[in-house]
Amino acid sequence: MRQIFLDTETTGLYHAQGHRVIEVAAVEVVNRRLTKQHFHYYLNPDREIDQGAQEVHGISLEFLQDKPRFADIANDLIAFIADAELIMHNAPFDVGFLNCEFGLIEQRPVESIVAKVTDTLKMAKEMRPGQRNSLDALCKHYGIDNSRRTLHGALLDAELLADVYMAMTRGQDSLMMDIEKPRNAQHDFAAQLATPLQIKLANEAEISAHREYLAGLSKSGNCVWNNLEPKNAAE
């Protein structure tokens with residue numbers, strides 16, 4: 001399945017309070033490899049940015065004045081994520097904001113556009129209960145270089161998230177191969193049982209050599225094989 005790793009930056013924490021998306025970025029992965037396809041826009045929110053939010057992502061309203069609105073890029077975003085597995089860190093946050101933006105322009109919600117929504121934060125909490133599972137913490141845990149992440153940025157975070165996800169799910173392919181092996185081994189064994197056994201009888205020279213060998217054994221003591229010889233001969 002085609003996978004899309006997506007991240008957003010916003011004017012604040014709560015879309016229900018009228019906050020908006022000001023940056024959206026997504027990168028494409030096919031067969032567990034990043035392709036060169038990505039989606040990235042800064043957006044004019046037509047509202048102020050909370051001071052706390054700006055300290056996190058460093059995006060100013062002045063910088064966004066000449067950028068497109070969400071409505072301008074919505075169709076391109078839908079085309080990019082359509083029918084893919086959409087993977088986000090703290091998916092309810094990003095999906096909530098995207099659905100709010102789509103709702104404002106009467107577009108259908110994210111869940112009806114993509115094939116599946118995956119939350120890597122939920123995955124991390126299940127794999128590492130009681131530990132810090134922020135993107136930075138996961139990068140440190142898996143040895144992923146996040147030194148460029150001095151501020152939150154949607155495109156860099158989406159790329160880092162792809163690396164983190166690959167590390168979190170490493171070994172799944174080999175696990176599936178291990179699951180298949182017993183089934184294949186059983187099939188091969190059944191096929192062997194169905195194949196007629198080849199029986200090769202000893203020739204006269206081999207029989208004579210065998211008897212000479214038994215005679216040599218008899219000189220050193222009682223040879224049980226000689227007791228079997230008459231029966232074998234009769235058969």
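Bear in mind that the values in this text are calculations on the coordinates, not laboratory data. Owing to the predicted nature of the structure, the values given are computational and were not obtained by experimental measurement. Ideal geometry is used to build each Cβ from the backbone, glycine not excepted, and the neighbour counts take in all protein chains shown.
For this structure, a couple of remarks:
- Neighbour-count ranking [beta-carbon atoms within 10 angstrom, fewest first] of Thr11, Thr118: Thr118, Thr11
- Between Ile207 and His38, the modelled labels are 8.2 nm apart [label points 7 Å from Cα along Cα→Cβ].
- Residue order, fewest to most beta carbons within 10 Å, for Ile78, Ile87: Ile78, Ile87
- The phi torsions of segment 58-65, fed into the Karplus equation with coefficients 6.51, -1.76 and 1.60 and a -60° offset, translate into couplings of x, 9, 9, 5, 4, 4, 8, 4 Hz, rounded to whole numbers, with Gly and Pro shown as x.
- Note on segment 1-130: Rg/Rh from Cα positions, Kirkwood definition for Rh, rounded to two decimals, is 0.97.
- Ranked by how many other Cβ atoms sit within 10 Å of their own Cβ, fewest first, the residues Met123, Met166, Met88 fall in the order Met166, Met123, Met88.
- Partner aspartates and glutamates whose Cα lies under 19 Å from the Cα of Lys36, excluding those fewer than 8 positions away in the same chain, are identified as Asp7, Glu28, Asp76, Asp83, Glu85, Asp157, Glu159, Asp163.
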